[in-house]
């Protein structure tokens with residue numbers, strides 16, 4: 001398993017990943033509107049934070065992102081933390097979360113915010 005910083009060559013694979021993740025909880029993947037941020041990660045995350053992918057043999061099995069929401073007060077938002085259903089319960093979510101928190105600490109951010117939906121209750125114990 002490797003956690004790597006997103007690069008544009010991964011976008012198509014990330015789109016397929018999110019389609020699987022959202023489908024698993026009964027949410028249609030809408031890359032043109034509601035999910036436009038993950039359909040264009042370079043634009044939405046890479047200049048305003050960071051986006052990582054967890055890879056297993058080169059295949060995206062998890063993601064997490066940090067996005068700045070208040071530069072003056074050093075506040076970021078945790079975004080798009082997902083692990084494919086077949087890989088859940090193995091500690092990969094915690095691994096991704098720890099990676100993002102460590103990054104936020106090294107960047108000297110003071111606060112991390114997040115929100116989540118009921119469909120994603122599996123990860124709430126981590127938060």
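Inside the stretch 29-68, can you point out the residues that are over 17 Å from residue 103 (Cβ atoms), in a helix (DSSP H, G or I) and in contact (Cβ under 8 Å) with a residue 24 or more places away in the chain?
Selection gives 37, 38, 39, 42.
Check off (1) touching a strand residue (DSSP E or B) at 6+ places or on another chain (Cβ under 8 Å); (2) closer than 20 Å to residue 111 by Cβ for residue 83 and give me the number that stays unchecked.
Single failed check for residue 83: (2).
Just checking, does the stretch 113-122 include any residue being modelled with pLDDT of 95 or more and surrounded by fewer than 16 Cβ atoms within 10 Å (Cβ to Cβ)?
Within the stretch 113-122, none of the residues are modelled with pLDDT of 95 or more and surrounded by fewer than 16 Cβ atoms within 10 Å (Cβ to Cβ).
Just need a number here: residues in the stretch 41-59 that are exposed (fewer than 14 other Cβ atoms within 10 Å of the Cβ) and either under 13 Å from the mean Cα position of the chain (by Cα) or on the phi < 0 side of the Ramachandran plot (or both).
Pass one, the stretch 41-59, residues exposed (fewer than 14 other Cβ atoms within 10 Å of the Cβ): 42-43, 47, 56-59.
In the following step, the residues that additionally are either under 13 Å from the mean Cα position of the chain (by Cα) or on the phi < 0 side of the Ramachandran plot (or both) were identified as 42-43, 47, 56, 59.
Number satisfying all stated conditions: 5.
Counting only residues that are part of a helix (DSSP H, G or I) and free of Cβ contacts under 8 Å to residues at least 12 places away in the same chain, which one in the stretch 1-15 is nearest to residue 83 (Cα to Cα)?
So in the stretch 1-15, the residues part of a helix (DSSP H, G or I) come out as 8-15.
Of the ones still in play, those that are also free of Cβ contacts under 8 Å to residues at least 12 places away in the same chain are 9, 12.
Working: 9: 20, 12: 17 Å.
Checking each candidate, the answer is 12.
Return yes when residue 76 is touching a residue at least 12 places away in the same chain (Cβ under 8 Å) and assigned to a strand (DSSP E or B) and no when it is not.
yes
The values are calculated or read from the model by the stated rules, or taken from the named source; none is laboratory data. As the structure is a computational prediction, the values presented were derived from the model and not from experiment. With ideal geometry, Cβ positions are generated from the backbone for all residues, glycine too; neighbour counts draw on all protein chains shown.
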